[in-house]
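Have a look at the structure below, then the notes.
The values are calculated or read from the model by the stated rules, or taken from the named source; none is laboratory data. Computed from a predicted structure; not experimentally measured. We place every Cβ from the backbone using ideal geometry, glycine too, and count neighbours over all the protein chains shown. Surface accessibility is based on the protein's heavy atoms, side chains included, excluding ligands, DNA and RNA. Shrake-Rupley method; radii C 1.70, N 1.55, O 1.52, S 1.80 Å.
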Amino acid sequence: MNPTELLNQLDHALKQWLSASAPFGVFATDSELNILYANEWFERHFSENVGGICGRNLFAVYPELLERGFDHYYREALMGQPRLLSHRFHKYLIAAAPISGGTRFEIMQQSALISPVNIDGKIQGTVTMIEDVTERVGRENDLYIQIQERERLLLSEISARKLAEENERLKGSFETLRLEGAELLEFGRAREKLMHRIITSQEEERKRIARDIHDHLGQQLTALRFALELLRQQHAEGTNATAGIAKAQAIAEKLDAEVDYLAWELRPAEIDDIGLEDALRTFVAEWSEHFGIRSEFNAFGLHEVRLKPDVEINLYRIAQESLNNIAKHANAARASVMLERRDNSVVLIVDDDGDGFDAAATASLSEMEKGMGLFGMKERAALVGGTFRIESSDGSGTSVFVRIDTVTVEGG
C-alpha cells in the first residue's frame with residue numbers, strides 16, 4: 001500500500017471515529033451560525049437526531065445559548081478569537097442530563113472550545129468541541145472535601161494543643177486577674193457613689209445659693225429700686241438729678257431681673273411641683289426670651305407621668321447646660337428641645353443651627369480639655385444609667401442626644 005492510499009484510509013478511519021465513537025461532541029457552523037455538521041455524540045447524550053439539527057441556526061436549536069449571552073463568544077470566534085469555556089465558571093455550554101444516574105449534578109458539567117474555521121485565510125465559520133467532565137468534577141469535589149476534612153482535623157488538633165498550652169499559661173494569672181477585676185469593680189462602685197455625692201452636693205448648694213440670693217440680694221435690690229423711685233418723685237423738677245436717678249433706676253431694675261433669672265435658673269421650684277416636662281417647657285421659653293434666640297419645645301409620652309427625681313433633675317440640668325452652651329458659643333438663630341418617652345426609655349434631644357464644631361476632634365480630647373460642661377453632662381447621663389452623644393461639624397449646628405433606659409415612672 002502506497003503512502004497516499006494509507007493516508008486516505010487513515011483519514012476515512014479518523015472521520016468515522018470522530019463521527020461515531022469520539023468521547024466528545026463536535027459541531028460546526030457556517031459564518032451565519034447555521035449548523036453544518038454534528039457528530040453522533042449529540043445523539044448519545046442529547047437524544048437529538050443529528051440530521052434534524054443540521055441546516056438550522058445554532059440559536060434556533062439551542063436558544064438558551066442566546067439567553068445566557070454565549071452568542072458573544074461565537075461573534076468573537078467569527079472575528080478570529082477562540083474561546084475556552086471552563087466548567088468552573090460556565091458549568092456547561094448546552095444543557096443535558098449527566099450520563100451517570102448516580103451523579104450529584106442535575107446538568108452535565110462540560111468544558112468546551114469555540115474556535116474559528118479559517119479556510120484559505122478567511123474565516124468561514126466556527127467549530128465547537130464539548131467534553132463531558134461531570135465524573136471528573138465529582139471526583140475533584142470528593143477529593144476537595146477529603147482535603148478540607150483533613151485540614152479541619154489538623155487545625156482542630158493544633159487548636160486543641162494551643163488551647164491546652166494557653167490553659168496552662170492562664171492558670172497562673174487567673175487569680176491575679178480575678179483580684180484585679182474585684183478591685184476595679186469596687187473602684188467603679190466607689191466612683192459612682194462619689195459622683196452621686198458630688199452631684200447631690202451641687203444640687204443642695206444650688207438650692208442654698210438660690211435661697212440666699214432671693215432672700216437677701218433680691219430684697220436689697222428691690223429696696224434700692226423703690227428708694228430710687230422715691231428719689232425720682234421727690235426731685236422731679238431737678239433735671240440733672242432726675243436723669244441720673246432714672247439711669248440708676250434702670251440699672252437696678254435690670255439687676256433685679258438678672259437676679260431673679262439667676263435664682264430661678266439655679267433651682268426652679270416648679271421641677272419639684274409640676275415635673276420635668278412643664279419645667280423644661282417653662283425654662284426653654286424663659287431662656288429664649290432672655291437670650292433672644294428663637295426656640296421650641298416638644299414632649300411626647302410624658303403626659304401625667306413623673307420620672308424618678310434623680311432622672312428628672314439630671315435631664316433638666318443636661319438640657320439647661322446644652323442651651324447655655326448654645327447661648328455662649330453657638331451663634332445660633334434657632335434651638336429646639338425634644339423630650340420623648342419610648343416604651344421604658346426616655347430620650348432628650350437638644351439641637352441648634354449655629355456654627356457647630358469638630359465633634360470627632362473633641363472626642364479625642366481628655367475630659368479636662370473638653371471642659372467641665374461636656375464632662376458634667378456625660379457624667380450626669382451615666383449617673384442615671386443613660387448614654388450621652390454629641391453630633392456636630394463646622395458650620396452645621398450641634399445636636400445633643402441623651403437616652404436613659406429602664407426608667408421607673410409613676411402617675412402624675
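Some points to look at:
- Per residue, in Å², the accessible surface of the range 1-96 once ligands and nucleic acids are set aside, probe 1.4 Å: 59 Å²
- Simple spin-label estimate for E106 and F401 in nanometres, 7 Å along Cα-Cβ: 4.6 nm
- Our coupling estimate for the range 177-185, obtained by passing each phi through the Karplus curve with A = 6.51, B = -1.76, C = 1.60 and θ = phi - 60°, is 5, 5, 5, 5, x, 5, 5, 5, 5 Hz, Gly and Pro reported as x.
- Selection among I123, I94, M108 by position relative to the dipole of the range 49-207 gives I123 as farthest towards the positive end (Cβ unit charges, Cα centre).
- Using θ = phi - 60° in the Karplus curve 6.51 cos²θ - 1.76 cosθ + 1.60, the 3J(HN,Hα) couplings for the range 395-401 round to x, 10, x, 9, 10, 10, 10 Hz; x is entered for Gly and Pro.
- Using the Cβ-Cβ distance between R161 and H72 with R0 set to 56 Å, the FRET efficiency works out to roughly 0.60.
- Taking 0.36 nm per residue of separation and subtracting the current Cα-Cα distance, fully stretching the chain between M338 and A299 would add 13.5 nm.
- The slack between N331 and M79, meaning 0.36 nm per residue of separation minus the straight C-alpha distance, is 83.7 nm.
- Net charge of neighbours whose Cβ lies under 13 Å from the Cβ of A22, counting Lys and Arg as +1 and Asp and Glu as -1: -2
- Under-5 Å amide H pairs with L302, H placed in peptide plane, nonlocal only: R341
- Extension gain (nm, one decimal) between F89 and I147, 0.36 nm per residue minus Cα-Cα: 18.7 nm
- Amide H contacts of V384 (H built 1.01 Å from N, under 5 Å, at least 5 apart or other chain): none
- Vicinal HN-Hα couplings computed from phi for the range 379-394 (Karplus, 6.51 cos²θ - 1.76 cosθ + 1.60; Hz; Gly/Pro x): 5, 5, 4, 5, 4, 9, x, x, 10, 10, 9, 10, 10, 6, 8, 4
- FRET efficiency estimate (nearest 0.05) - Cβ-Cβ, L154 to K193, R0 51 angstrom: 0.40
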